[in-house]
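Engineer: Okay, handing you the structure first.
The values are calculated or read from the model by the stated rules, or taken from the named source; none is laboratory data. It should be emphasised that the depicted structure is a prediction, and the values quoted were computed from it without experimental measurement. Cβ coordinates were reconstructed from backbone atoms using ideal geometry, including for glycine residues, and neighbour counts include every protein chain displayed. We work out accessible area using only protein heavy atoms, side chains counted, and drop any ligands, DNA or RNA first. Shrake-Rupley method; radii C 1.70, N 1.55, O 1.52, S 1.80 Å.
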Amino acid sequence: MNFENLIVCRNLLADKIFNPTADKFEIAANLIEKAEQLGLSGNIFRSYLIYFLSHEPNLISETVELNGGKIGESLREAFKHDIEIIFAEKNLNSPLPLLQNYRSTEKNNLESFAALEKNLENLNDAEKITEIFIEHYKKFGYGDIAEYRAFRWDKNLVGIKHFEKISLKDLIGYAHQKELLTKNTKAFIEKKPANNVLLVGARGTGKSSGVKALVNEYYSEGLRLLQITKPQLKILPEIMDALRKFAGKRFIIFLDDLSFDESESEYKSLKSSIEGGVESRPENVLIYATSNRRHLIREQDFDDRYNDDSVNENISLSDRFGLIIHYYAPTQTEYLEIIRHMLKKKNISLDEETLRIEGLRWEMSHSGRNGRTAQQFVNYFLGTR
């Protein structure tokens, strides 16, 4: 390996696998460990090299992300200089023959990295490799931002590895609601004016599923989801500030099943962060919240209901959401169609009469007619066949 002359990718030298003074057996041991962790196969030295460049932050990836895809010509030439060194044939030879055609126990399931590796397959032209990496950074970003669709907050973004794989086509009914939600989200992705969204309705009607489906639908277009808890609303400005540096991505901050007591201060933090605070909301961030209360505040005491200041305070919070979408309990026909669709996904078809009798019997003995009840019936049906 001859990585000492790198300019902008010198962080390679800090990794023990690329340390030029390391013993080849030590390198092999570390490589095999990485291959099993990441599901790398083939020439795993080259595969891990590609993974490292796509995952670990460097000046190129950080600049592209921070500037929404822009990169100066001089910086691009410095990166190409490094690519010529890194992908020189003598630097890609695995230190031991067994690493040249390695097969890991588990398959690689890192979506964006797998796409990048495929695009670079059998490629040795530095100009083309440079462009492919830059386009990868533009489209996916780097590190966990590239690989994960959804995140939680723990002093920083933490990727959610097992995010629900639900799509918009899985959501039966609510065509108008889906259209409103999709149009607003597409406008946001396309950097057009878009609104914060409040999804209101009874439990189990698919409000949360709709938001999750959007992230799966538009992940490759840069959409990401960050779910936060109600106590974290107090640090919402801090969270938003952290998201500013990922200018190439669009974030939905997601608040699920949101409601407040009047004594709670978090709702004032939310109001301020959405609109009206000292620091403006980042242009790459929107807030989507679900609730079963139109005004988000739990019922007040009788005397407070006639207090104009209290009423105005409560209403002003929900009014900060420019788009309010209402979800109603499905009709009987829609409820049975949801069950039919879920069973069809499992390659099961019920005759109309059996579906109607069994589905409605389940509904009457459970929590009402909604998508969640339908899913519970399907689970019961599949488990007792």
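Engineer: In what sequence, largest accessible area first, do Arg224, Arg320 appear using a 1.4 Å probe? Spell out each step's value before the answer.
Structural biologist: Numbers: Arg224 0, Arg320 65 Å².
I get Arg320, Arg224, largest accessible area first.
Engineer: Percent relative contact order of segment 1-157, based on C-alpha pairs within less than 8 angstrom and at least six residues apart?
Structural biologist: Details: 190 pairs, mean separation 48.6, N = 157.
RCO, segment 1-157: 31 percent.
Engineer: Which of the residue pairs Lys138/Lys192; Lys165/Lys207; Lys128/Lys192; Lys178/Lys249; Lys118/Lys155 have a Cα-Cα distance greater than 27 Å in the structure shown? If you can, show how the numbers build up before the last one.
Structural biologist: Numbers: Lys138/Lys192 19 Å; Lys165/Lys207 15 Å; Lys128/Lys192 32 Å; Lys178/Lys249 22 Å; Lys118/Lys155 34 Å.
Over 27 Å apart, Cα to Cα: Lys128/Lys192; Lys118/Lys155.
Engineer: At a threshold of 8 angstrom on Cα-Cα distance, excluding pairs fewer than six apart, so keeping six or more, what relative contact order does the chain reach in percent? Display every interim value, and only then the final one.
Structural biologist: Working: 555 pairs, mean separation 58.9, N = 385.
The value is 15 percent.
Engineer: Apply the Karplus parameterisation 6.51 cos²θ - 1.76 cosθ + 1.60, with θ equal to phi minus 60°, to every residue of segment 151-156 and state each ³J(HN,Hα) to the nearest whole Hz, in sequence, with x for glycine and proline.
Structural biologist: 3J(HN,Hα) across segment 151-156, in whole Hz: 9, 10, 10, 9, 6, 6.
Engineer: Taking R0 as 22 Å, what FRET efficiency do you get between Ala22 and Glu106 from their Cβ-Cβ distance, rounded to the nearest 0.05?
Structural biologist: Numbers: r = 26 Å, r/R0 = 1.17.
Once rounded, the FRET efficiency stands at 0.30.
Engineer: Just the number, please: carbon plus sulfur as a percent of the accessible area of the chain, 1.4 Å probe, no ligands or DNA/RNA counted. Walk me through the numbers on the way to the answer.
Structural biologist: Details: 9360 of 19680 Å².
Looking at the chain in its full context, I get 48 percent from C and S.
Engineer: If DNA, RNA and ligands are ignored and the probe is 1.4 Å, what is the ranking of His136, His55 by accessible area, most exposed first? Can you show the working numbers first?
Structural biologist: Working: His136 15, His55 40 Å².
Heavy-atom accessible area, descending, gives His55, His136.
Engineer: Pop a pseudo-label 7 angstrom from the Cα along the beta-carbon direction at both Ser167 and Glu190 and give the gap in nm to one decimal.
Structural biologist: For Ser167 paired with Glu190, the spin-label model returns 2.2 nm.
Engineer: Distance between the C-alpha centers of segment 91-149 and segment 320-385? Whole Å please.
Structural biologist: Segment 91-149 and segment 320-385 have Cα centres spaced 42 Å from each other.
Engineer: Separate question: For helix 332-345, what angle does its Cα long axis make with the longest principal axis of the chain, in degrees from 0 to 90 and rounded to 10?
Structural biologist: With both axes taken from Cα atoms, the answer is about 20 degrees.
Engineer: Taking the Cβ of Gln332 as the centre, find all other residues whose Cβ is under 10 Å away and add up their charges (Lys, Arg: +1; Asp, Glu: -1). Mind showing how you got there, number by number?
Structural biologist: Working: positive: Arg356, Arg369; negative: Glu334, Glu337, Glu363.
Value of the local net charge: -1.
Engineer: Follow-up question, since we're still on this one. Take segment 153-245, compute every pairwise Cα distance, and split them into 5 Å bins from 0; I just need the percent in each bin.
Structural biologist: 2, 11, 20, 23, 22, 16, 5, 1
Engineer: Also: Tell me the label only: which of (1) 32, 26, 21; (2) 46, 29, 17; (3) 31, 29, 20 is semi-axes √(5λ) of the Cα gyration tensor in Å as calculated from this structure?
Structural biologist: Computing semi-axes √(5λ) of the Cα gyration tensor in Å and matching it to (1) 32, 26, 21; (2) 46, 29, 17; (3) 31, 29, 20 gives (2).
Engineer: For the chain, what is the mean residue ellipticity at 222 nm derived from helices alone (per DSSP H run of n ≥ 4: -39500 (n - 2.57); sum divided by total residues; nearest 500 deg cm²/dmol)? Please report the intermediate quantities before stating the final value.
Structural biologist: Numbers: 16 runs with 178 residues, N = 385.
Counting only the DSSP helices, I get -14000 deg cm²/dmol.
Engineer: Just grab the label-to-label distance for Met364 and Arg385, each label 7 Å out from Cα along the Cβ direction, in nm (one decimal).
Structural biologist: 2.6
Engineer: Hey, another quick one. Just to be sure I follow the definition: excluding the sites themselves, where is the longest run in the chain that has none of the GluC sites (Glu not before Pro) in a DSSP loop with at most 16 other Cβ atoms within 10 Å?
Structural biologist: Numbers: sites that count: Glu4, Glu106, Glu121, Glu164, Glu190, Glu262, Glu264, Glu275, Glu279, Glu283, Glu299.
After excluding every exposed loop site, the longest remaining stretch is 5-105.
Engineer: Mind checking the per residue accessible area of the chain for me, 1.4 Å probe, whole number of Å²? Provide the component values of the computation, followed by the final result.
Structural biologist: Working: 19680 Å² over 385 residues.
Ligands and nucleic acids excluded, the figure is 51 Å² per residue.
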